[in-house]
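Here is the structure we will look at, set down as structure tokens.
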Amino acid sequence: MSKAKTIRPLDGFTGVPDADVVSRGIAVHTGMTGNSNFPNPPVDLTAFKTGIDSFSALIAEALDGSKKVVAEKNKQRHAVIKMLRLLGRYVEVNCKDDMAIFKSSGFEPALTAHVARQSLSQSIRKIQHGPNSGQLGVQIKAHPKALSYDLRYGVTVNGGIPATWTIQLVTSVKTPVTLNGLTPGTTYAFQVRVLEKRGFTDWSDSATFMCT
């Protein structure tokens, strides 16, 4: 009799937009509140919801670029992610390796097979200026099991995570992906994920490049 595979939560938060962290937190709070499968969570769910609400408010306040508010937002982001990881570990241990029970928590399962996180040099080979202003070419390194790729990019300020991302489907990486209509003098962050038969990998770490 084969041993059931442990179901682990998708908890890669490197490069994940603030809004996605909030969405994931809300889903987990909703799924775990009153859930008889998880009666004793290691994090008080009321405090967890308060933390999410505080983080969401700071995201809005940080849009004016205030360094103090941005620092507070980043600190609160860290606190919310820490609570999510504690809850995720609790769900992993107590879901009885039952996918339906696991998903009732609001967490999404990670790939059942280990996928090594790609380093920057392994995911994005090169970024270069295009022939026209506002144009960049992004060279993605081929992945042996790829069905397709997602390239996402967004404006980054002071090295921060973009508030919004634009996602572009990439079906071939033999030539650079050409991005048009970018703003000259603006620094963008770029990330790649790979679609395999098992599902998507995590997003790669960000590569940043200034458009001219």
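When residue 46 is evaluated against the numbered criteria (1) β-branched (Val, Ile, Thr); (2) open to solvent by 50 Å² or more (accessible area, probe 1.4 Å); (3) closer than 26 Å to residue 156 by Cβ, which criterion, by number, is the only one it fails?
(3)
Looking at the range 189-212, which of its residues are closer than 14 Å to residue 138 by Cβ, more than 16 Å from the chain's Cα centre (by Cα) and either among the aromatic types (Phe, Trp, Tyr) or open to solvent by 70 Å² or more (accessible area, probe 1.4 Å) (or both)?
Answer for the range 189-212, where residues must be closer than 14 Å to residue 138 by Cβ, more than 16 Å from the chain's Cα centre (by Cα) and either among the aromatic types (Phe, Trp, Tyr) or open to solvent by 70 Å² or more (accessible area, probe 1.4 Å) (or both): 208, 209, 210.
Looking at the range 50-67, which of its residues are among the hydroxyl-bearing types (Ser, Thr, Tyr) and under 19 Å from the mean Cα position of the chain (by Cα)?
Scanning the range 50-67 gives a single hit, 56.
Would you check if residue 68 is open to solvent by 40 Å² or more (accessible area, probe 1.4 Å) and either in a helix (DSSP H, G or I) or not β-branched (Val, Ile, Thr) (or both)?
yes
Condition check ((1) assigned to a strand (DSSP E or B); (2) in contact (Cβ under 8 Å) with a residue 40 or more places away in the chain) across all residues:
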residue: 131; (1), (2): no, no
residue: 137; (1), (2): yes, yes
residue: 145; (1), (2): no, yes
residue: 157; (1), (2): no, yes
residue: 161; (1), (2): no, yes
residue: 168; (1), (2): yes, no
residue: 185; (1), (2): no, no
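In this structure, does residue 65 turn out to be touching a strand residue (DSSP E or B) at 6+ places or on another chain (Cβ under 7 Å) and closer than 30 Å to residue 207 by Cβ?
Criteria not met by residue 65.
With respect to the numbered conditions (1) more than 24 Å from residue 166 (Cα to Cα); (2) in contact (Cβ under 8 Å) with a residue 60 or more places away in the chain; (3) surrounded by fewer than 15 Cβ atoms within 10 Å (Cβ to Cβ), which one is the sole condition not fulfilled by residue 33?
(2)
Among (1) open to solvent by 50 Å² or more (accessible area, probe 1.4 Å); (2) in a loop (DSSP other than H, G, I, E, B), where does residue 60 come up short?
For residue 60, the exception is condition (2).
Among 18, 53, which is open to solvent by 50 Å² or more (accessible area, probe 1.4 Å) and either within 30 Å of residue 100 (Cα to Cα) or out of contact with any His (no Cβ under 9 Å at 6 or more places or on another chain) (or both)?
Selected residue: 53, the only one of 18, 53 that is open to solvent by 50 Å² or more (accessible area, probe 1.4 Å) and either within 30 Å of residue 100 (Cα to Cα) or out of contact with any His (no Cβ under 9 Å at 6 or more places or on another chain) (or both).
I'm told residue 90 meets every condition in (1) out of contact with any Pro (no Cβ under 6 Å at 6 or more places or on another chain); (2) open to solvent by 30 Å² or more (accessible area, probe 1.4 Å); (3) modelled with pLDDT of 90 or more except one. Can you identify the failing condition by its number?
Every listed condition holds for residue 90 apart from (1).
If you check 146, 100, 142, which single one turns out to be modelled with pLDDT of 90 or more and surrounded by 15 or more Cβ atoms within 10 Å (Cβ to Cβ)?
146
How many residues, within the range 112-138, are modelled with pLDDT under 85 and closer than 10 Å to residue 211 by Cα?
Of the residues in the range 112-138, 2 are modelled with pLDDT under 85 and closer than 10 Å to residue 211 by Cα.
Could you list, in sequence order, all residues of the range 156-188 that are open to solvent by 60 Å² or more (accessible area, probe 1.4 Å) and in contact with a Pro (Cβ under 8 Å, 6 or more places away or on another chain)?
Result: 161, 163, 164.
The values are calculated or read from the model by the stated rules, or taken from the named source; none is laboratory data. Being a predicted model, the structure only gives us computed values, none of them experimental. In this analysis, Cβ positions are derived from the backbone assuming ideal geometry, glycine residues included, and neighbour counts consider all displayed protein chains. Side chains are part of the model used for accessible areas, which takes the heavy atoms of the whole protein and leaves out ligands, DNA and RNA. Shrake-Rupley method; radii C 1.70, N 1.55, O 1.52, S 1.80 Å.
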